[in-house]
Each structure stands twice: as C-alpha cells, then as structure tokens.
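The values are calculated or read from the model by the stated rules, or taken from the named source; none is laboratory data. Keep in mind it's a predicted model, so treat the numbers as computed, not measured. Quick reminder, even Gly has a Cβ in these numbers, built from the backbone with ideal geometry, and neighbours come from all protein chains shown.
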Amino acid sequence: MHNTLQEYIPYQAIPDVIELLKHDNLVVKIKKERKTRHGDYRKLPNNKHQITINSNLNHYRFLITLIHEIAHFEAFNDYGRYIKPHGKEWKHTFQRLMLPFLNPNVFPIELLPLLARHFKNPKASSDTDVKLALALKHYDPPNDKTYIFEVPLGAEFKLYNGRIFRKGVKRRTRHEGVEVTSGKLYLFNPNAEVELIPAQTEV
C-alpha cells in the first residue's frame, strides 16, 4: 500500500505519511471516483479501521483528504466513539497532523496562504472553502466541466446525475438553480462543477 500511495501524493510527503500509517489495524483503499465524497473513514466489524480515497484526486487534494481521514482514525482512538465526526477533537487532530505538510517542499507556494487560513478552523469538506477548492482545482487534469459561477444568468446546466437546472441569481455566497422538471429552487456553491447546456437557436 505504501508503494501505491506514492503514486498519489507529493513525493516530499511520503516519509511522514508512511509514519502516520504505521498501524496494523488501519487499511487504506483507493476507490474509483465517487461524486458525493473524496474519501471516508469507518470502523469495520472486525475491529480494523478503513480509509478510502478517490483515485481521481490530484496529489495535493489526495494528501489533504488522506490526512483528513487519518485524523478521524486518530481522534477515534484518542477520544472515543462518541465525539462528533467533525467536532473540536477532530479539528485539533487534523490541524496537528497537517501542520508538518504545510510547507513549500510539499505544496505550491501559492496554496500555502489559503491552506493556512483553512486550517485555522478546518471544515468537514475543503470544498466548502471556495477559494481553496478553486485553487486546488487548478491542479486537476482538464475536463469539459464549467464552474457554476461561470454559467450565464438564465442558462441551463446539467449535474453529473443528469438533473437539469436553470441558473438564477447569486445570493451572498451561493448561486440559485431552479430544477427544470420540478421547479424547485436549490443553492449551489460557486465552485460546483456543472455541464453547460448550449442554448438552442431557432431556424
């Protein structure tokens, strides 16, 4: 597994990550892309602990996600099973584990201020930190997706699950989208990736 992980994280992070994974009862598995999560942690019935990480993440997002899930494991061991999943115990553990990686040998210099701000109070998902999420996406391979903040007002866009929406106005931080089939209103983070539907022209 250690050799496999080397394909997914920055080279300079490998020794510290291997040290964190020196637990006989902790298993890390690489999964195909899951649209609703980057990774997860769970305790298995055999008393082992399993972390899964999506294989399609760029090296920097993969490392953040991996440390996020290791923090769940260590918080469980240190504080017990009754803590909140993303409560203060997990936050403190995540901050402590992530600190050695927050340097220019591991992350590009332009990401470090955003990471420093994020880890003052880490959230359940780095995707909710819009500036950090957009900066991390610059290191993803090119794709045909558009960010919702780039979609023109009134234009239609499609999600990964095929649902089609019409772009509404921007509220304080999020963008409105009205589902075409149901007429229901939803709010989207500006860094949500969508597929823009070209406008049809009448002949």
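Could you please let me know if G177 is exposed (fewer than 10 other Cβ atoms within 10 Å of the Cβ), within 30 Å of F62 (Cα to Cα) and modelled with pLDDT of 90 or more? Answer is no for this residue. Please determine, by comparing only the residues of the range 75-108 that are in a helix (DSSP H, G or I), hydrophobic (A, V, I, L, M, F, W, C) and touching a residue at least 60 places away in the same chain (Cβ under 8 Å), which one is farthest from H23 (Cα to Cα). Restricting to residues being in a helix (DSSP H, G or I), hydrophobic (A, V, I, L, M, F, W, C) and touching a residue at least 60 places away in the same chain (Cβ under 8 Å), the top hit is F101. Selection over the range 54-109 of residues that are within 17 Å of the chain's Cα centre (by Cα) and of a type in the set (V, I, T) gives a count of 4.
Per-residue answers, yes or no, for (1) touching a residue at least 12 places away in the same chain (Cβ under 8 Å); (2) basic (K, R); (3) out of contact with any His (no Cβ under 6 Å at 6 or more places or on another chain); (4) part of a strand (DSSP E or B):
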| site | (1), (2), (3), (4) |
| --- | --- |
| I9 | yes, no, no, no |
| A13 | yes, no, yes, no |
| D16 | yes, no, yes, no |
| E19 | no, no, yes, no |
| H23 | yes, no, yes, no |
| K29 | yes, yes, yes, yes |
| D40 | yes, no, yes, yes |
| P45 | no, no, yes, no |
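Going residue by residue through the range 78-85, is there one that turns out to be of a type in the set (A, V, I, L, M), at pLDDT 90 or above and farther than 23 Å from K131 by Cβ? Yes; the residues of the range 78-85 include at least one that is of a type in the set (A, V, I, L, M), at pLDDT 90 or above and farther than 23 Å from K131 by Cβ. Selection over the range 146-173 of residues that are within 14 Å of E195 (Cα to Cα) and of a type in the set (D, E, K, R) gives a count of 6.
The residues on offer are E195, E179, E150, and the sole one that is among the charged types (D, E, K, R) and either under 19 Å from the mean Cα position of the chain (by Cα) or over 26 Å from T65 (Cβ atoms) (or both) is E179.
For the range 149-178, a residue qualifies if it is β-branched (V, I, T) and either in a strand (DSSP E or B) or not assigned by TED's automatic domain parsing to the domain that holds F188 (or both), and the qualifying residues are I164, V169, V178. Checking the range 59-70 against the condition returns no match, with no residue being farther than 20 Å from H138 by Cα and free of Cβ contacts under 8 Å to residues at least 24 places away in the same chain. Looking only at the range 107-117, count how many residues are surrounded by 12 or more Cβ atoms within 10 Å (Cβ to Cβ) and closer than 17 Å to A13 by Cβ. Within the range 107-117, residues that are surrounded by 12 or more Cβ atoms within 10 Å (Cβ to Cβ) and closer than 17 Å to A13 by Cβ number 5. The residue that is modelled with the highest pLDDT, counting only those in the range 180-201 that are among the aliphatic types (A, V, I, L, M) and closer than 20 Å to A135 by Cα, is V194.
Restricting K137, K170, K131 to those that are touching a residue at least 24 places away in the same chain (Cβ under 8 Å), among the charged types (D, E, K, R) and surrounded by 12 or more Cβ atoms within 10 Å (Cβ to Cβ) reduces the list to K137.
Just one of the numbered conditions (1) under 25 Å from the mean Cα position of the chain (by Cα); (2) part of a strand (DSSP E or B) is not true of L136; which one? Only one criterion in (1) under 25 Å from the mean Cα position of the chain (by Cα); (2) part of a strand (DSSP E or B) is unmet by L136, namely (2). Tell me the residue from T65, T52, T4 that is modelled with pLDDT under 90 and either buried (at least 16 other Cβ atoms within 10 Å of the Cβ) or part of a helix (DSSP H, G or I) (or both), please. The match here is T4.
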